[in-house]
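These notes are about the structure you will find just below.
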Amino acid sequence: MAANLQAVAQAIPTVKLFIDGQFVESKTTEWKDVVNPATQQVLARVPFATADELERAIAAAEKAYRHWRTTPVGARKRVMLKFQEVVRRDMKKLAACLTAEQGKTLADAEGDVFRGLEVVEHACSVGSLQMGEHLEQVAGGVDVYAIRQPIGVCAGITPFNFPAMIPLWMFPMAIVSGNTFVLKPSEQDPMTPMLLAELALEAGVPPGVLNIVHGGKLAVDTLCTHPVIQAVSFVGSTAVGHHVYNLASTHGKRAQCMMGAKNHAVVLPDASKDHSLNALVGAGFGAAGQRCMAISVGVLVGEAQRWIPDIVEKAKSLKVSAGTEPGADLGPLISKNALARVTSLIEAGVKEGAKLELDGRGLRVPGYPDGNFVGPTVFSGVKPGMHIYKEEIFGPVLCLVGVDTLDEAIAFVNANPFGNGTGIFTQSGAAARKFQYEVDAGQVGINVPIPVPVPYFSFTGSRGSKLGDLGPYGKQAVQFYTQVKTVTARWFDDAATAGRVHTTISLK
Ligand code: NAD
């Protein structure tokens, strides 16, 4: 019996570590199954890298930095151009892997890859993005210029919900600006990041410039404390984000942490009804609510409160199934733990007195009896003290709140500690302008439900959703991954003008 189990375990592929340009088998004794959340099929086993393996990955990145730093900007850019070409070429393959291990629909998985690919495209503009500044003649014969230099070995720690996009938020910008990188993807869906590593190698990313390690707390804590690592970019839950930020910053590193959220959409009664409710329902339940920018609270203003039955009808019309099924609108939750957590929060909502307008618990999906499914769930009459309002549910649960005025709606949104994103649905420019100006969230949509900025800008979640001042992609990522060095220069061509010794700090 024991021999049989061992044979089965050996037949399941293992996820490799990616160190110094090589895919290597871990020597660890700690492994975790990577499970298809729609079927429970074990797709692979992921290692929790040993301390020695983590050290080797960091050492490889340190060694590679010496050469990569000196590689001309144009050469770095051409590697990135090739990388975007091969990621685009393999979009369907990446999406299929992503759906198998994460559960989202194939269309949404392609979106996951595509939003990451946009960052790669933007990284190809490194020549202008990393350009410094120069001011001539700040004093007699004196010029000042500022150079953006890479900072060294950087690390990224990523969550399960976007296994392509979020790694691509990080390492392309880091390496194209001359740094080397160690990525620690989520142990729940590490296979898609490994496909990205294969493509990076094919594109010509030199050995050691990108390394991938797997694991949990040991790996994360090592990256946050290791003296070689200069910067840590984290995306994940609020609890782990605080831990990472404190650990990395007390060890002298730059740190940025994008964390949990509770995103509100304010719906005014003058909104274009069908467009707005479609957007609200799509953003509430897409990806089974497992997006940090999902709309989890609808704030219905005045007469818009009459639209609750329409919202429920639209939610009911969504097809829940495996992400590979044609026509599926949302897939399963990532794990049995997530299923239990979301189910217990729905129970808490009922106990605490919210009105359960639509109950997605206990959903049976034909052909997928073992999937981690919860159907769209809608609560109305939700109050701030309730657990379903206080906690990030990260499941397909939409909480509806009624208020009388736009001022009340803005006050309601601003009283929530999270500040990732918010949206307003209205046909009034004045109302939208007031909302945009007064609301205290980092990303605002006007008749746009999930306002994740394109990479010419940066991801700008704020307040309780973020620690650190710079975002993970776009212009802010260039700032995060580079150090500005200013040079003040004077060239003498005439010994006779030397004059006498100056002891003041002013430049003459
Ligand atoms: P998570 O915090 O559980 O995991 C994130 C990373 O931290 C993973 O790589 C994981 O291995 C590691 N980790 C987990 N527990 C740890 C511990 N105790 N010590 C050290 N490291 C640990 O997050 P998740 O469940 O994978 O992702 C969902 C969360 O991510 C949600 O809260 C969501 O809002 C957030 N998220 C935020 C953004 C954003 O941009 N603000 C984007 C995507 C996801």
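The values are calculated or read from the model by the stated rules, or taken from the named source; none is laboratory data. Nothing here was measured: the structure is a model prediction, and the numbers come from that model. Virtual Cβ from ideal backbone geometry, glycine too; neighbours counted across all protein chains shown. The protein model used for the area step is the full one, side chains on, heavy atoms only, and it has no ligands, DNA or RNA in it. Shrake-Rupley method; radii C 1.70, N 1.55, O 1.52, S 1.80 Å.
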Which ³J(HN,Hα) values, rounded to whole Hz and listed in residue order, are derived for region 368-379 from phi using the Karplus coefficients 6.51, -1.76 and 1.60 in 6.51 cos²θ - 1.76 cosθ + 1.60 with θ = phi - 60°, glycine and proline given as x? 9, x, 9, x, 8, 8, 10, x, x, 10, 10, 10
If contacts are Cα pairs under 8 angstrom and at least 6 residues apart, what is the relative contact order of region 184-326 in percent? 17
Report the paramagnetic label zone for SER506: residues of region 126-150 whose backbone N is under 20 Å from a point 7 Å from Cα along the Cα-to-Cβ axis. 136-144
The alpha-carbon center of region 133-205 and that of region 399-432 are separated, in whole Å, by 35
Considering amide H positions built from the backbone, and no H for Pro or chain starts, which residues 5 or more places from LYS16, or on another chain, come under 5 Å of its amide H? none
Among all lysine pairs in region 1-158 that are eight or more places apart or on different chains, how many have alpha carbons less than 15 angstrom apart? 4
Extending each Cα 7 Å along its Cβ direction at ILE446 and ASP404, get the distance between those two points in nm, one decimal. 2.8
Please list, in order along region 290-304, the HN-Hα scalar couplings obtained from phi with the Karplus expression 6.51 cos²θ - 1.76 cosθ + 1.60 (θ = phi - 60°), rounded to whole Hz, x for Gly and Pro. 8, 10, 5, 10, 4, 7, 10, 9, x, 9, 9, 9, x, 4, 5
How many percent of the accessible area of region 140-198 is carbon or sulfur, using a 1.4 Å probe? 53
Under 15 Å from the 7 Å Cα→Cβ point of VAL138, by amide nitrogen: which residues of region 477-508? 484-491, 505-508
Dividing the mean separation of Cα pairs under 8 Å (6+ apart) by the residue count of the chain yields a relative contact order in percent of 17
Report, in order of residue number, the helices in the chain meeting two criteria: a C-alpha extent of 15 Å or more along the helix axis, and a mean Kyte-Doolittle hydropathy of at least 0.5; treat each whole DSSP H run as one helix. 165-176, 191-203
1/(1 + (r/R0)^6) with r = Cβ-Cβ of SER462 and SER272, R0 = 22 Å, i.e. FRET efficiency to nearest 0.05, evaluates to 0.20
Reduced to Cα centres, the span from region 434-477 to region 102-126 in Å works out to 18
Arranged from highest to lowest average of other beta-carbon atoms within 10 Å per residue, in what order do the peptides 89-96, 109-116, 373-380 appear? 373-380, 109-116, 89-96
Quick check for you: with a 1.4 Å probe and neighbouring chains kept, what is the accessible area per residue of region 421-508, in Å²? 59
If you roll a 1.4 Å probe over the heavy atoms of the protein chains, what accessible area per residue do you get for region 36-113, in Å²? 43
